[in-house]
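The values are calculated or read from the model by the stated rules, or taken from the named source; none is laboratory data. Bear in mind the structure is a predicted one, so any value in this text is a computation, not a measurement. Cβ sites come from the backbone with ideal geometry, for glycine too, and all protein chains shown count toward neighbours. Quick note on the areas: whole protein, heavy atoms, side chains included, nothing else; ligands and nucleic acids left out. Shrake-Rupley method; radii C 1.70, N 1.55, O 1.52, S 1.80 Å.
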Amino acid sequence: MAGWVTLWLGGSALAGVGVALAAHSLIDAPWMAAVVAVLVLTPLVALCGAFITSRWSRSARALADGISSLRDNDFSVSVTQTTQDEFGDLVATYNTLGDRLRVERQSLYQRELMLDTVIQSTPLALVLTNDSDTVLYTNTTARQLFADGRKLEGERFARYLESAPAPLREAVERGGDTLFTLELGGEPQVYHVSQRRFLLNALPHRLLLLKQLTREINSQEVATWKKVIRVIAHELNNSLAPISSLAHSGQILAQSPPDPAQLSRVFATIEERARHLAGFIDGYAQFAKLPHPRLAPVSWAVLIERLRVVVAFELAGELPRRAATFDTAQIEQALINLLKNARESGSDSSAIELAVLTAPQGVAIEVRDRGPGFSSAALENALVPFYSTKETGTGLGLTLCREIVEAHGGRLRIANRDGGGAIVALWLPDGG
């Protein structure tokens, strides 16, 4: 471009000088010769300038139109490169940018298509709504669940909730994560509902996810029952086999000259095994028949004194001044189990601590020891029913504690302590 401008200016100057000299040879007055030269050269220079800049003007207009197209997300416009100068380099750069944006948009479209295909084919029901409860997006499973396959987009979600089964409607209206059961086709189906709120383009949205868990729960129930049968069979065999053998030995001793000491040992062993078997069965019965908590105000000082009668421990910190509200018998039983576990871990009695801490919207109770702590396998399975690291354990202690705490609407957490030992923390909400 600079070369063409230089050529045009240089040519105009030379032509001006030539015309001025010719006019001066014909006209004696110098000023008159200059006027004639200007009048002759002006149209000529303008014509040459228009000719030279016409290509630049066309390319500039095309480039401006292309940039407007980019602003409108239209990346299909390209500009023909007519020169090999700086302006031509600018046109080439624009074309390269347009090609790159076209490729990126096509790649993005393919990824969105793949994601939509995955979401539409998943058995998880998905509903996205905005702050005014208008449905923005659903997948096939959600449309089948809420509208018999019809589209929900653009409608208010509350309209479909009103006609939904009561358990589903109540679970969604409660918010958060929860399980509920629906009767579908005469069969109970278990669902898990999860709700999350987030900002999208600075506007609040809600994402609702529903997953059918019937198959997983049924499989887990079968696996649990198999484990229960194995554990019960093992415990029964461990107790009944010695009883049977000792009964046979007692029968032989009864036919021989009496030996009171030996008979006493036989009957004591039979009694001990029978007591162990009765305790084992009682533990299962207690786990299976856990009643609903009876909430009542509880004095922390009274509860601590009742626990100290059963097992020794140190109280860490001060007790909260305000009373708590929970089922005293159940929470006391859970804490006794945890304190006994701490003692059986090998921890010194003076290192077994119980702390009652004020927590957000509730209270936290921690049982701490300085035993060996939990192994990685124990941390993963300690709250699974029938899992035990003790030779004579039933695997129901921590599970029963968790059932009691969760029946109160709380949570139970286990962890290893810094410096060795274990900690079991219970969180109970205000008012139980």
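Need the failing condition index for Glu380 against (1) assigned to a helix (DSSP H, G or I); (2) at pLDDT 85 or above; (3) surrounded by fewer than 19 Cβ atoms within 10 Å (Cβ to Cβ), just the number.
(2)
Among the numbered criteria (1) of a type outside the set (A, V, I, L, M, F, W, C); (2) part of a loop (DSSP other than H, G, I, E, B); (3) modelled with pLDDT of 85 or more, which single criterion is violated by Gln333?
(2)
Can you confirm whether region 300-321 contains a residue that is among the β-branched types (Val, Ile, Thr), at pLDDT below 90 and open to solvent by less than 10 Å² (accessible area, probe 1.4 Å)?
Within region 300-321 (the criterion being among the β-branched types (Val, Ile, Thr), at pLDDT below 90 and open to solvent by less than 10 Å² (accessible area, probe 1.4 Å)), the answer is yes, since at least one residue qualifies.
Being modelled with pLDDT of 80 or more, within 26 Å of the chain's Cα centre (by Cα) and part of a strand (DSSP E or B), is that true of even one residue in region 162-174?
no
Restricting the search to region 300-328, which residues are in a helix (DSSP H, G or I) and touching a residue at least 12 places away in the same chain (Cβ under 8 Å)?
Trp300, Ala301, Leu303, Ile304, Arg306, Leu307, Val310, Thr328
Which one is farthest from Ala329 (Cα to Cα), of the residues in region 401-416 that are open to solvent by 10 Å² or more (accessible area, probe 1.4 Å) and among the aliphatic types (A, V, I, L, M)?
In this case the residue turns out to be Ala415.
Report yes if some residue within region 134-144 is small (Gly, Ala, Ser), open to solvent by less than 50 Å² (accessible area, probe 1.4 Å), assigned to a helix (DSSP H, G or I) and modelled with pLDDT of 90 or more; otherwise report no.
Yes, the conditions are met somewhere in region 134-144.
Those residues that are of a type in the set (Asp, Glu) and open to solvent by less than 90 Å² (accessible area, probe 1.4 Å), I need them from region 171-191; list them, please.
Across region 171-191, the qualifying residue is only Asp177.
Can you report the number of residues in region 66-112 which are assigned to a helix (DSSP H, G or I) and either small (Gly, Ala, Ser) or at pLDDT below 80 (or both)?
10
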